[in-house]
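The values are calculated or read from the model by the stated rules, or taken from the named source; none is laboratory data. Just so it is clear, the structure is predicted and the values come from calculations on it, not from any experiment. Glycine gets a Cβ as well: all are built from the backbone with ideal geometry, and neighbour counts include every protein chain shown.
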Amino acid sequence: MADTLGLYTFKIFRYNPDKDPKSRYDTFAVEVRQGMTILDCLQKIKGSLDGTLSFRRSCRSAICGSCAMNINGKNDLACHLQVSRLRGRTITINPLPGYPLIKDLVVDMGEFYRHIAAVMPWLVRRSPCPDRELLQFPADRDRIDSAVNCILCGSCTSSCPQFWFNPRYLGPAALLKAYRFIFDSRDEGRDERLAIVDDRYGVWRCRTVFNCDEACPKKLHPNEAIAGLKIEALKRSV
Amino acid sequence: MRSYRYRWGEGLWSHLFHRISGVALIVYLSMHIWVIHHLQHGQTAYDELMNFLGNPLFRMGEVMLLAAILFHGLNGLRLVVMDAGLGIRKQRATFWVVFVVCAILVLVGGLVLLIGS
């Protein structure tokens with residue numbers, strides 16, 4: 001068939017804590033057609049080669065962030081990445097680094113969500129609620145535009161070596177979320193949030209490795225947000 | 001159990017070189033203080049030590065010291081600029097600029113240090 005890309009080898013990380021003393025890689029040969037994503041291939045493997053393979057997926061539209069995993073060494077969304085975009089005929093898939101493993105490609109995102117919750121990811125209002133929606137100038141919206149698009153897939157925080165060595169570090173996703181509200185012209189919880197991120201486990205733990213910027217499947221720039229927060233934290237202390 | 005497998009990019013290499021060069025500079029400063037303290041034992045003791053430090057191993061060490069100073073300094077400036085929010089999207093390119101400038105200066109400086117001595 002003209003739209004066939006050929007046979008690809010998938011080398012997939014396997015670990016079942018109930019059975020396996022240590023992790024291993026299983027390899028699967030998959031016939032790939034043009035347009036197939038990594039998730040399509042994983043579904044094919046689970047459906048016809050090994051039903052015990054575990055991985056998360058949901059929307060298949062790069063919106064929910066469930067299928068984030070480490071593909072050929074880089075974090076990405078399995079539903080968004082087409083096989084044809086990868087070099088070579090062997091594709092290695094690992095779980096997201098840095099998070100505790102549950103089984104195969106499924107990791108425990110608890111730490112990640114706790115860090116997001118720690119920066120109060122909601123609009124804080126002290127003033128009385130208006131009778132209509134809160135308006136915002138386009139220029140004010142532009143300032144937080146990219147940060148609003150975060151889908152909480154966890155790819156950025158998982159790629160950060162500072163988070164690997166110290167899981168107490170809030171990580172780029174939580175800091176991006178803090179930026180999204182601190183720089184929102186409608187928000188009134190700025191000082192409270194800045195006090196949370198202006199901490200040794202907040203913005204000052206970032207070592208500008210830039211893995212987060214490169215890992216983000218939505219092409220966001222957590223490092224720019226962190227730099228913006230560092231400047232605000234400095235202004236706050238002088 | 002957690003996985004820590006990740007592809008190394010320019011940012012991680014820059015991070016690693018920055019820390020290694022930083023540790024190398026601390027080691028050098030400690031050695032430098034140790035060498036200088038020999039002055040209090042008189043000129044002969046100091047001259048003997050300087051004579052010993054003139055061997056090729058330490059001459060190569062000086063070239064490596066130059067590399068550590070240049071990379072740590074230039075990459076430090078790169079990080080300060082990016083901490084100010086500038087050039088973050090060009091981090092890969094700026095890493096290579098720092099790397100190439102360092103390589104050229106170490107080559108030139110190394111020749112001066114080795115041949116000049």
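Given the condition within 24 Å of B:ILE115 (Cα to Cα) and either without any contact (Cβ under 8 Å) to a residue 12 or more places away in the chain or touching a Cys at 6+ places or on another chain (Cβ under 8 Å) (or both), answer yes or no: does some residue in the range B:71-90 qualify?
Going residue by residue through the range B:71-90, those that are within 24 Å of B:ILE115 (Cα to Cα) are B:71.
After this cut, where a residue has to be either without any contact (Cβ under 8 Å) to a residue 12 or more places away in the chain or touching a Cys at 6+ places or on another chain (Cβ under 8 Å) (or both) as well, the list is B:71.
Looking for residues that are within 24 Å of B:ILE115 (Cα to Cα) and either without any contact (Cβ under 8 Å) to a residue 12 or more places away in the chain or touching a Cys at 6+ places or on another chain (Cβ under 8 Å) (or both), one finds at least one in the range B:71-90, hence yes.
Confirm whether A:LEU123 is of a type outside the set (Phe, Trp, Tyr) and part of a helix (DSSP H, G or I). Break it down into steps so the answer makes sense when it comes.
On the way: of a type outside the set (Phe, Trp, Tyr): yes; part of a helix (DSSP H, G or I): no.
Judged against the criteria, A:LEU123 is not a match.
So, B:GLY54, is that one touching a residue at least 40 places away in the same chain (Cβ under 8 Å) and either within 14 Å of chain A (Cβ to nearest Cβ) or among the charged types (D, E, K, R) (or both) or not?
Working: touching a residue at least 40 places away in the same chain (Cβ under 8 Å): yes; either within 14 Å of chain A (Cβ to nearest Cβ) or among the charged types (D, E, K, R) (or both): no.
Answer is no for this residue.
A quick yes/no check of all residues on (1) at pLDDT 95 or above; (2) farther than 23 Å from A:ASN149 by Cα; (3) of a type in the set (Lys, Arg):
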| position | (1), (2), (3) |
| --- | --- |
| A:ARG87 | no, yes, yes |
| A:ILE91 | yes, yes, no |
| A:ASP104 | yes, yes, no |
| A:TYR113 | yes, no, no |
| A:ARG132 | no, yes, yes |
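If you take the residues of the range A:13-56 that are outside any loop (DSSP other than H, G, I, E, B) and among the β-branched types (Val, Ile, Thr), which of them is surrounded by the fewest Cβ atoms within 10 Å (Cβ to Cβ)?
First, the residues of the range A:13-56 that are outside any loop (DSSP other than H, G, I, E, B): A:13-14, A:24-33, A:37-49.
Remaining after also requiring among the β-branched types (Val, Ile, Thr): A:27, A:30, A:32, A:37-38, A:45.
Details: A:THR27: 10, A:VAL30: 19, A:VAL32: 23, A:THR37: 21, A:ILE38: 26, A:ILE45: 20.
Only one residue fits best here, namely A:THR27.
Mind listing just one residue for me: the one in the range B:1-16 that is among the hydrophobic types (A, V, I, L, M, F, W, C) and either buried (at least 18 other Cβ atoms within 10 Å of the Cβ) or without any contact (Cβ under 8 Å) to a residue 12 or more places away in the chain (or both) and, of those, farthest from B:ARG92 (Cα to Cα)?
In the first step, residues of the range B:1-16 are kept if they are among the hydrophobic types (A, V, I, L, M, F, W, C); the result is B:1, B:8, B:12-13, B:16.
Narrowing the set further to residues that are either buried (at least 18 other Cβ atoms within 10 Å of the Cβ) or without any contact (Cβ under 8 Å) to a residue 12 or more places away in the chain (or both) leaves B:1, B:8, B:12, B:16.
Numbers: B:MET1: 32, B:TRP8: 12, B:LEU12: 10, B:LEU16: 15 Å.
Looking at the filtered set, the residue picked out is B:MET1.
Could you look through the range A:105-163, keep only residues that are more than 14 Å from the chain's Cα centre (by Cα) and among the aromatic types (Phe, Trp, Tyr), and pick out the one that is surrounded by the fewest Cβ atoms within 10 Å (Cβ to Cβ)?
Among residues in the range A:105-163 that are more than 14 Å from the chain's Cα centre (by Cα) and among the aromatic types (Phe, Trp, Tyr), the one surrounded by the fewest Cβ atoms within 10 Å (Cβ to Cβ) is A:PHE137.
To keep it simple, each residue is scored yes or no on (1) assigned to a helix (DSSP H, G or I); (2) modelled with pLDDT of 95 or more; (3) under 15 Å from the mean Cα position of the chain (by Cα); (4) more than 27 Å from A:ARG126 (Cβ to Cβ).
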{"position": "A:PRO172", "(1), (2), (3), (4)": "yes, yes, yes, yes"}
{"position": "A:TYR179", "(1), (2), (3), (4)": "yes, yes, no, no"}
{"position": "A:ALA233", "(1), (2), (3), (4)": "yes, no, no, no"}
{"position": "A:ARG236", "(1), (2), (3), (4)": "yes, no, no, no"}
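Within the range A:189-197, is there a residue that is within 14 Å of chain B (Cβ to nearest Cβ), touching a residue at least 12 places away in the same chain (Cβ under 8 Å) and either surrounded by fewer than 19 Cβ atoms within 10 Å (Cβ to Cβ) or part of a helix (DSSP H, G or I) (or both)? Talk me through it step by step, then tell me what you get.
Step one: list which residues in the range A:189-197 are within 14 Å of chain B (Cβ to nearest Cβ), which gives none.
No, that holds for no residue.
From the list B:HIS15, B:HIS72, B:HIS37, exactly one residue is part of a helix (DSSP H, G or I) and within 18 Å of B:GLY109 (Cβ to Cβ). Which is it? If you could, list the steps in order and put the result at the bottom.
Numbers: B:HIS15 fails: within 18 Å of B:GLY109 (Cβ to Cβ); B:HIS37 fails: within 18 Å of B:GLY109 (Cβ to Cβ).
One residue alone meets the criteria, B:HIS72.
Pick from the range A:68-85 the residues that are within 14 Å of another protein chain (Cβ to nearest Cβ) and free of Cβ contacts under 8 Å to residues at least 24 places away in the same chain: which of them is farthest from A:ARG33 (Cα to Cα)?
Per the stated criteria, the residue is A:GLY73.
Answer yes or no: is there a residue in the range A:21-38 that is under 26 Å from A:PHE165 (Cα atoms) and under 23 Å from the mean Cα position of the chain (by Cα). So that I can check it myself, show each step before the final result.
Looking only at the range A:21-38, we keep the residues that are under 26 Å from A:PHE165 (Cα atoms), and these are A:21-25.
This time we only want the ones that are under 23 Å from the mean Cα position of the chain (by Cα), so: none.
Checked the range A:21-38: no residue is under 26 Å from A:PHE165 (Cα atoms) and under 23 Å from the mean Cα position of the chain (by Cα).
Tally up the residues in the range A:203-222 that are within 14 Å of chain B (Cβ to nearest Cβ) and not in a helix (DSSP H, G or I), please. Full working, then the answer.
Within the range A:203-222, the first condition is being within 14 Å of chain B (Cβ to nearest Cβ), and the residues that meet it are A:203-216, A:219-222.
Next cut, not in a helix (DSSP H, G or I) only: A:206-210, A:216, A:219-221.
Selection size over the range A:203-222: 9.
Does any residue of the range B:64-75 turn out to be within 14 Å of another protein chain (Cβ to nearest Cβ), surrounded by fewer than 13 Cβ atoms within 10 Å (Cβ to Cβ) and closer than 16 Å to A:THR208 by Cα?
Looking through the range B:64-75, none of the residues is within 14 Å of another protein chain (Cβ to nearest Cβ), surrounded by fewer than 13 Cβ atoms within 10 Å (Cβ to Cβ) and closer than 16 Å to A:THR208 by Cα.
Tally up the residues in the range A:144-170 that are farther than 17 Å from B:LEU12 by Cα, assigned to a helix (DSSP H, G or I) and touching a helix residue (DSSP H, G or I) at 6+ places or on another chain (Cβ under 9 Å), please.
Initially, the range A:144-170 is screened for residues farther than 17 Å from B:LEU12 by Cα, giving A:144-154, A:167-170.
Checking the rest, the ones that are also assigned to a helix (DSSP H, G or I) come to A:144-148.
Now drop any that are not touching a helix residue (DSSP H, G or I) at 6+ places or on another chain (Cβ under 9 Å), which leaves A:144, A:146-148.
Total satisfying the criteria: 4.
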